[in-house]
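Below is one structure; the comments refer to it alone.
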Amino acid sequence: DAPRRGPYTDEERKAADILREAFEKLDYEPTVERFTVTREDGTVLTSQNVSVRIPGTGFRIQHPDTGAIRQIHRQVIIGAHYDTWFSEPRTDEEGNPIPPLAGADYDACVAARDAGYDGINDNASGIGAMLTLAREMAGNTYGYDVVLVAFGAGCDGQAGAIHFVSGMTPAEVAQTDAMYCIEAIYAGDKLYASAGLNSLSLDKNGNPAKVYEKRRKLYEATDVAIAYDLDMTSYDLLTNQSSIETDLNGDGVADIYREVTRTVSDYSPFDAAGIPCVYIESYNYAFDTLEEMKDSRNPEMSPYGGVARRNNLDSHATLSGILADNSILVRRVNVTAFLLLESIVKGHWEALP
């Protein structure tokens with residue numbers, strides 16, 4: 001209904017309304033929070049996040065020294081942006097092009113429309129996984145407080161995610177065990193999960209290291225995949241194991257490019273706030289160099305450099321004709337939702353049974 005739902009457009013607002021109604025049909029009470037972005041020339045643009053908060057029961061934990069038991073509340077946030085890189089092309093009364101407010105330029109938007117672009121990969125697939133998770137969670141209670149949020153204006157520098165994080169109090173940040181971000185899970189060769197860059201560190205000798213606490217939820221998600229034998233199927237959850245040495249966080253020291261990604265997405269503002277992140281995408285990290293890495297080795301995607309994001313390849317009609325397995329979209333959506341649900345069920349690592 002809103003295939004080219006660029007940031008700050010009527011189509012984006014329509015998509016937000018569709019999401020709100022979808023949550024309401026599952027008996028949730030969604031919140032639509034509008035926010036503004038001001039350009040350097042003073043232009044004020046408006047978008048909106050659509051979110052649902054599902055209260056949890058909390059967890060009982062025991063003090064390791066005194067044995068005292070207390071109740072704590074922790075939360076996880078699961079998010080995906082619902083806007084697209086291309087907007088519906090517009091003209092004024094005289095037929096002159098109206099420049100898009102963000103994302104691709106007018107001519108590119110016309111070409112995308114003519115190619116049938118609908119953003120099925122980036123990021124209708126991610127939104128589909130989140131709504132599937134919402135459906136499975138409906139009517140149930142978990143230990144975690146769970147926040148599901150569809151971000152607006154993700155294709156304009158993660159504006160919706162930035163707004164969401166800016167509204168979190170220090171206590172809410174500290175209370176968040178993980179932010180799970182779902183993006184473009186359809187067209188890539190394999191399903192991957194990555195931790196945030198805040199999990200990078202240096203050991204006492206100044207060598208690259210990792211912060212386990214920031215990757216705990218990543219390992220938990222991959223453990224779920226192994227426990228349910230997904231590693232024996234084509235729908236396993238992998239991690240980047242390229243191990244290339246490169247400076248990832250701009251501190252001038254080479255890091256090990258493993259279990260993290262260089263892709264900037266809606267998790268990035270949460271990552272910058274120190275929240276542990278798990279970024280789920282479809283991709284292919286199995287290359288020798290950073291420059292070779294891309295969504296897919298599929299030769300039919302080679303005219304687009306093997307990338308199915310922010311280009312005309314990101315169309316359901318086109319991708320369904322290219323990908324050999326026509327069930328891949330439904331399976332990836334369902335597998336992602338299942339992995340997230342089981343991660344939620346696992347709860348806080350210190351919780352008593």
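Output the number of the condition that Asn49 fails; it satisfies all remaining conditions of (1) assigned to a helix (DSSP H, G or I); (2) surrounded by 14 or more Cβ atoms within 10 Å (Cβ to Cβ). Failed condition: (1).
Residue-wise test of (1) in contact (Cβ under 8 Å) with a residue 12 or more places away in the chain; (2) of a type in the set (D, E, K, R).
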{"site": "Asn207", "(1), (2)": "no, no"}
{"site": "Glu213", "(1), (2)": "yes, yes"}
{"site": "Val264", "(1), (2)": "yes, no"}
{"site": "Tyr267", "(1), (2)": "yes, no"}
{"site": "Ile275", "(1), (2)": "yes, no"}
{"site": "Ser282", "(1), (2)": "yes, no"}
{"site": "Tyr285", "(1), (2)": "yes, no"}
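Restricting the search to strands (runs of 3 or more DSSP E) fully inside the range 63-152 and requiring at least 2 residues that are small (Gly, Ala, Ser) gives 75-81. Based on this model, can you work out whether Arg70 counts as in contact with a helix residue (DSSP H, G or I) (Cβ under 7 Å, 6 or more places away or on another chain) and either among the β-branched types (Val, Ile, Thr) or modelled with pLDDT of 95 or more (or both)? Spelling it out, it is not the case that Arg70 is in contact with a helix residue (DSSP H, G or I) (Cβ under 7 Å, 6 or more places away or on another chain) and either among the β-branched types (Val, Ile, Thr) or modelled with pLDDT of 95 or more (or both). Taken over the range 155-179, the criterion of being closer than 25 Å to Asn311 by Cα and not charged (D, E, K, R) is satisfied by Cys155, Gly157, Gln158, Ala159, Gly160, Ala161, Ile162. Only a single criterion out of (1) outside any helix (DSSP H, G or I); (2) among the small types (Gly, Ala, Ser); (3) in contact with a strand residue (DSSP E or B) (Cβ under 8 Å, 6 or more places away or on another chain); (4) buried (at least 16 other Cβ atoms within 10 Å of the Cβ) is not satisfied by Ser201, namely (4).
Being in a loop (DSSP other than H, G, I, E, B), touching a residue at least 40 places away in the same chain (Cβ under 8 Å) and of a type outside the set (S, T, N, Q): is that true of Asp41 here? Against the criterion (in a loop (DSSP other than H, G, I, E, B), touching a residue at least 40 places away in the same chain (Cβ under 8 Å) and of a type outside the set (S, T, N, Q)), Asp41 does not qualify. Checking each residue in the range 287-330 for being in contact (Cβ under 8 Å) with a residue 12 or more places away in the chain, of a type in the set (A, V, I, L, M, F, W, C) and either more than 19 Å from Trp85 (Cα to Cα) or touching a His at 6+ places or on another chain (Cβ under 7 Å) (or both) picks out Phe287, Leu290, Met293, Ile322, Leu323, Ile328, Leu329. For the structure I just gave you, tell me whether Gly160 is outside any helix (DSSP H, G or I), surrounded by 23 or more Cβ atoms within 10 Å (Cβ to Cβ), in contact with a Ser or Thr (Cβ under 9 Å, 6 or more places away or on another chain) and on the phi < 0 side of the Ramachandran plot. No.
Just one of the listed residues (Asn121, Asn140) is under 21 Å from Val335 (Cβ atoms) and without any contact (Cβ under 8 Å) to a residue 24 or more places away in the chain, and it is Asn140. The set of residues in the range 204-241 that are part of a loop (DSSP other than H, G, I, E, B) and under 20 Å from Thr289 (Cβ atoms) comprises Thr239, Asn240, Gln241. Which ones in the range 313-353 are modelled with pLDDT of 95 or more, outside any helix (DSSP H, G or I) and within 13 Å of Ala187 (Cβ to Cβ)? Selection gives Leu313, Asp314, Ser315. The listed residues are Arg34, Arg4, Arg13, and the only one of them that is closer than 28 Å to Gly157 by Cα, part of a strand (DSSP E or B) and of a type in the set (D, E, K, R) turns out to be Arg34. Suppose the filter is out of contact with any Gly (no Cβ under 8 Å at 6 or more places or on another chain) and basic (Lys, Arg); does Arg74 pass it? When the stated conditions are applied, Arg74 does not pass them.
The values are calculated or read from the model by the stated rules, or taken from the named source; none is laboratory data. Computed from a predicted structure; not experimentally measured. Note that each Cβ is placed from the backbone with ideal geometry, even for glycine, and that neighbours are counted across all protein chains shown.
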